[in-house]
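What follows is a short report on a single structure.
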Amino acid sequence: MTPTPSLIKLPPQPGPIGVFDSGYGGLTILGSLLEQLPGYDYLYLGDNARAPYGSRSFDLVYRFTLQAVGELFARGCHLVILACNTASAKALRSIQQRDLARIDPARRVLGVIRPTVEALPAITRGGHIGILGTPGTVASGSYQMELAKIDPGFTVTARACPMWVPLVENREADGAGADYFVDKYISALMSADPAIDTIVLGCTHYPLLLPKIQQYTPEGVRLLTQGPLVAASLADYLRRHPEMDARITRGSTLRCLTTEDPSRFADMASLFLGRPVDASRVTLA
């Protein structure tokens with residue numbers, strides 16, 4: 001007996017990889033994805049109108065992030081990367097455990113903290129790790145919790161850097177004023193634990209400050225940026241989950257959405273990606 005059309009369950013239509021950030025910083029993650037996994041299609045969403053997320057409450061970050069994930073799902077994404085440490089720290093677990101089963105159990109949302117943490121055992125020499133991040137990421141304790149799962153013997157020291165994101169977004173990353181705040185936060189971190197041998201740049205904006213961060217980081221201390229780690233982790237994930245890989249379109253395209261002025265977004269995005277970018281406005285609710 002041939003089933004009637006209403007009883008035929010069609011396979012889901014493939015869509016792009018969704019990449020979400022509260023603003024522009026996630027573009028550093030996107031850049032690594034484009035470099036290491038260039039064949040896929042990508043849809044980037046920046047909630048620039050409500051950025052920054054770093055000082056917002058857990059509940060508000062969760063609500064905003066869930067809205068963004070829902071928008072990307074509605075636009076055909078089956079896999080969404082939270083390219084934001086604050087969203088990964090404050091919203092990822094709740095979305096994975098409470099919302100995906102209700103929305104679509106076959107869809108996935110991944111973050112940037114776990115791939116970063118998984119790389120650390122092979123990098124740190126003495127187990128003393130420093131974390132530089134937004135106030136929200138540091139207050140969440142997410143890095144400490146994830147590292148404790150891997151090796152409870154690690155010594156983890158975190159320092160919030162509230163001025164670094166504004167410096168980047170106001171195009172002052174190369175300015176003289178940046179030196180004071182870069183030196184201030186790194187010195188405070190190293191004073192708290194002089195044995196730190198590896199520092200995680202736990203915010204996706206921070207790679208744009210890397211030349212100055214390198215200048216003020218003590219010799220012999222390794223700096224870890226997240227983009228290449230997240231891209232390598234995603235490549236491994238797709239190899240291990242061919243059913244998800246089959247749900248992603250491959251056309252080497254990039255589309256960008258923003259909740260703010262598209263022309264401003266395109267201008268800033270070109271700074272992060274080093275290439276022209278077009279963007280469209282979207283409203284999240």
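The values are calculated or read from the model by the stated rules, or taken from the named source; none is laboratory data. The structure presented is a predicted model; accordingly, all values stated were derived computationally and were not measured. We place every Cβ from the backbone using ideal geometry, glycine too, and count neighbours over all the protein chains shown. All accessible areas refer to the heavy atoms of the entire protein, side chains included, with ligands and DNA or RNA removed. Shrake-Rupley method; radii C 1.70, N 1.55, O 1.52, S 1.80 Å.
The table below gives the values:
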read-out	value
Of residues in the range 150-169 being of a type in the set (V, I, T) and farther than 19 Å from H128 by Cα, the one farthest from the chain's Cα centre (by Cα)	V168
Scope the range 71-85; condition assigned to a helix (DSSP H, G or I) and touching a residue at least 40 places away in the same chain (Cβ under 8 Å); matching residues	E71, L72, F73, N85
Condition broken by T137, with the remaining ones in (1) out of contact with any helix residue (DSSP H, G or I) (no Cβ under 6 Å at 6 or more places or on another chain); (2) open to solvent by less than 60 Å² (accessible area, probe 1.4 Å); (3) closer than 20 Å to V230 by Cβ; (4) not aliphatic (A, V, I, L, M) satisfied	(1)
Filter result for the condition that a residue is within 12 Å of the chain's Cα centre (by Cα) and not polar (S, T, N, Q), over F58, F20, F64	F20
Looking only at the range 136-168, and only at residues there that are in a loop (DSSP other than H, G, I, E, B) and of a type in the set (G, A, S), the one that is farthest from L210 (Cα to Cα)	G153
Pairs with Cβ under 8 Å, 6+ apart, first in the range 129-148 and closer than 16 Å to V61 by Cβ, second buried (at least 24 other Cβ atoms within 10 Å of the Cβ) and charged (D, E, K, R)	G136/K90; S140/K90
In the range 41-70, the residues that are in a loop (DSSP other than H, G, I, E, B) and either aromatic (F, W, Y) or surrounded by fewer than 24 Cβ atoms within 10 Å (Cβ to Cβ) (or both)	D41, A51, P52, Y53, S55, R56, S57
Flag if A74 is among the small types (G, A, S), surrounded by fewer than 22 Cβ atoms within 10 Å (Cβ to Cβ), more than 26 Å from R159 (Cβ to Cβ) and touching an Asp or Glu at 6+ places or on another chain (Cβ under 6 Å)	no
Given (1) under 27 Å from Y24 (Cβ atoms); (2) at pLDDT 95 or above; (3) part of a loop (DSSP other than H, G, I, E, B); (4) not β-branched (V, I, T), number of the condition R171 does not satisfy	(2)
Entirely in the range 186-272, the helices (runs of 4 or more DSSP H) that have 3 or more residues that are out of contact with any helix residue (DSSP H, G or I) (no Cβ under 9 Å at 6 or more places or on another chain) and open to solvent by 30 Å² or more (accessible area, probe 1.4 Å)	210-216
Count of the range 140-156 residues which are crowded, with 24+ Cβ neighbours inside 10 Å and within 23 Å of P52 (Cβ to Cβ)	2
Residue satisfying condition, being within 26 Å of S57 (Cα to Cα) and either of a type in the set (G, A, S) or modelled with pLDDT under 95 (or both), within set G126, G153, G111	G111
Options S94, S32, S88; residue that is among the hydroxyl-bearing types (S, T, Y), part of a helix (DSSP H, G or I), open to solvent by 20 Å² or more (accessible area, probe 1.4 Å) and at pLDDT 95 or above	S94
Residue ID - nearest to G15 (Cα to Cα), chosen from residues in the range 117-140 that are touching a strand residue (DSSP E or B) at 6+ places or on another chain (Cβ under 6 Å) and polar (S, T, N, Q)	T137
Residue match in the range 120-131 (condition: among the aliphatic types (A, V, I, L, M), farther than 17 Å from G202 by Cβ and not in a loop (DSSP other than H, G, I, E, B))	yes
